[in-house]
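The values are calculated or read from the model by the stated rules, or taken from the named source; none is laboratory data. The shown structure was predicted, so the numbers you read here are calculated from the model rather than taken from an experiment. Don't worry about glycine lacking a Cβ; one is built from the backbone with ideal geometry, like all the others, and counts go over all protein chains shown. All accessible areas refer to the heavy atoms of the entire protein, side chains included, with ligands and DNA or RNA removed. Shrake-Rupley method; radii C 1.70, N 1.55, O 1.52, S 1.80 Å.
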Amino acid sequence: MGIAPDERPLWASLPVPAILVGPDDLILDINAAAEGFFNASAKGVIGAPVWDMIAVDAPLEEAYGRARETETTLFVNDVDVGSGQRAPLQSQLQIAPLSGADGVMILMISPRELAGRMTHNHSVKSSAKSAIGMAEMLAHEIKNPLAGITGAAQLLSMNLSKDDRELTDLIVAESRRIVKLLEQVEQFGNLNQPERGPVNLHDVLDRARRSALLGFGAQMKIVEDYDPSLPLAWGDKDQLLQVVLNLVKNASEAAGSGGGTIRLHSYYEHSFRLRRADGRGMALPLQIEVIDDGPGLPENIAGDIFDPFVSGRENGTGLGLALVSKIISEHDGWISVTSVPGRTVFRISLPRADAHEDPKSNAAGQPPAKET
């Protein structure tokens, strides 16, 4: 038994993924939002075991069976819910019996991570202004004397023995390291908006891959897993390249000298839409994932990894991922991370270029990409 014909419009209009589950735990029906969640059509998932299609990071099956037996409603808060086609999202689950149908349950998934991540992006901007305000004021005053110290050490080294030059070389090296850190702080504090236009994300990913293999990622295997029909994104090509390079570099450094595998994955998710605090709604269907098989993020910082000055490396500045979050936020996009030992996934969601252009043409003089 499924949804009655006169209730189909309401079922299709539900804004969250909803699944109708039969007494044998097989999927009877899904709504349009659930098709987007599974990245599959209703025809493709009807008849499949529900727990084969949904991955829930909680011992749920016993409580679910009890709710069906007693015909009561079950609420599960703050659990990671995913499928074979997407990374998990922190969500709320609502499970209730279908009136008039013995043993049939409705399961609804309400992702919470989207709003939380965008609120976090806003807090990153706010914390950036307070943290960088003082740093920018001091950076200029610190860099000037450092330049003098570096120059003096280099002059001194000209009249020193080899052993003594090791000390002046240390002064020069450490001074340059501090200058580099200050430049990162200044870059993070840059309030200039991105110069956005149509961007082929696969060009960005390919440039990042080639740069990594010629430098910091030479020990890594980098796998391309692209959706060839992905439309153009709306963004700043150089800034997006900086984002991907940063993520690939982090994955390479986490793997160490032994190397590992990084997978660059792109795909289209038509149901991915975000409503911001100011009421604006925006579709973010273009997805990029940087996936590595390294040790994963340390548990004590996993929830704060996008905050300024939070780092999992001994000598890290803690500005790389904060800058990544800042850039994506300024692109009206969304970034998240899921991490367990052996699999870390950074996921970026961006808007389409033709959502910002004349729908009759794009910058390349070609018709807009067909809706997926």
Across (1) among the basic types (Lys, Arg); (2) in contact with a strand residue (DSSP E or B) (Cβ under 8 Å, 6 or more places away or on another chain); (3) farther than 20 Å from Pro351 by Cβ, Arg196 clears everything bar (3)
Among the residues of the stretch 26-69, the number that are acidic (Asp, Glu) and out of contact with any helix residue (DSSP H, G or I) (no Cβ under 9 Å at 6 or more places or on another chain) is 4
- Kindly establish whether Ala363 is of a type in the set (A, V, I, L, M), at pLDDT below 60 and farther than 17 Å from Asn246 by Cα. yes
Output for Cβ contacts, cut-off 8 Å, separation at least six or different chains, first residue assigned to a helix (DSSP H, G or I) in the stretch 168-194, second open to solvent by 60 Å² or more (accessible area, probe 1.4 Å) and at pLDDT below 75, reads Val185/Glu136; Glu186/Glu136
Flagged in the stretch 312-341 as at pLDDT 85 or above, charged (D, E, K, R) and in a loop (DSSP other than H, G, I, E, B), in numbering order, are Asp332
How many residues of the stretch 295-311 are under 13 Å from Asn250 (Cβ atoms), open to solvent by 70 Å² or more (accessible area, probe 1.4 Å) and modelled with pLDDT under 75? The answer is 0
Taking the stretch 217-226 and keeping residues surrounded by fewer than 16 Cβ atoms within 10 Å (Cβ to Cβ) and of a type outside the set (A, V, I, L, M) leaves Gln219, Lys221, Glu224, Asp225, Tyr226
Residue hits (the stretch 234-249; open to solvent by less than 10 Å² (accessible area, probe 1.4 Å) and farther than 19 Å from Trp334 by Cβ) are Val248
*So Ser211, is it open to solvent by 50 Å² or more (accessible area, probe 1.4 Å), outside any helix (DSSP H, G or I), at pLDDT 90 or above and not acidic (Asp, Glu)*: no
Expected single match for under 23 Å from Val337 (Cβ atoms) and modelled with pLDDT under 85 among Ser252, Ser271 is Ser271
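Each row is one residue, and each column tells you yes or no for (1) at pLDDT below 70; (2) open to solvent by 70 Å² or more (accessible area, probe 1.4 Å); (3) hydroxyl-bearing (Ser, Thr, Tyr).
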| position | (1), (2), (3) |
| --- | --- |
| Lys143 | no, no, no |
| Gly151 | no, no, no |
| Ser161 | no, no, yes |
| Val172 | no, no, no |
| Arg176 | no, yes, no |
| Val179 | no, no, no |
| Val185 | yes, no, no |
